[in-house]
Amino acid sequence: MLMITVQPTAALRVEFAKWAVKQTPKVRTCAPNAFAVPPHLFTHMPEELLIGSIVDGHLYRSPLEDEALAAAVEWRTAVPDEPLPEVPETAYGPDAVRLPEPEQRPAPVSAAPSEGEGAAIVCDVCSRPFGTARGRDTHRRQAHPEVN
């Protein structure tokens, strides 16, 4: 029988277990912190037990949360040749990583040395340049096995 795996939040785990054992037949556990809920029970369970839970590997979000999110989001469209619109601070979570501004980012490092930086290591079969001899040797074994 198809089951829906529900991993309740730690704060609601005891309440979820109380609800689970009241069902006929009882809802069983399928992992140390997850329950296997039959679909017919899932559609009738109290929603407050699901908010914040992981359901079949996805964070559960109630229809009320979806409506509130849709009302709060102002959709913007990108226009070619124009900068993208600013993202509001409220869109970032509390643990979001902030990237440095473009002018403060380090310059990209090229994979292969340029002509002025010294002799490039090239494949003697196809003349492809490589940054290291190890890279060239790996390439030769994979791309030109007939030569080895």
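Quick notes
- Built amide H within the under 5 Å cut-off of SER62, gap 5+: none
- Relative contact order %, the chain, counting alpha carbon pairs below 8 Å whose residues are six or more apart: 15 percent
- Of the peptides 14-26, 78-90, the order by per-residue mean of other Cβ atoms within 10 Å, starting with the highest, comes out as 14-26, 78-90.
- Using a cutoff of 8 angstrom between alpha carbon atoms and counting only pairs six or more residues apart, the relative contact order for the range 4-62 works out to 45 percent.
- Net length available on complete extension from LYS22 to ALA78 is 15.0 nm, with 0.36 nm assigned per residue and the Cα-Cα distance removed.
- Its Cα gyration tensor gives the chain an equivalent ellipsoid; the semi-axes, largest first and in whole Å, are 53, 28, 14.
- With the convex hull drawn over the C-alpha atoms of the range 4-62, the volume per residue is 73 Å³.
- Virtual paramagnetic centre 7 Å along Cα→Cβ of THR90, amide N under 11 Å, in the range 56-70: 69-70
Taken together, the values in this text are just the output of simple stated rules run on the coordinates, not laboratory data. What you are looking at is a predicted structure, and each value in this text was computed from that prediction instead of being measured. As a convention, Cβ positions derive from the backbone with ideal geometry for all residues, glycine included, and neighbour counts pool all protein chains shown.
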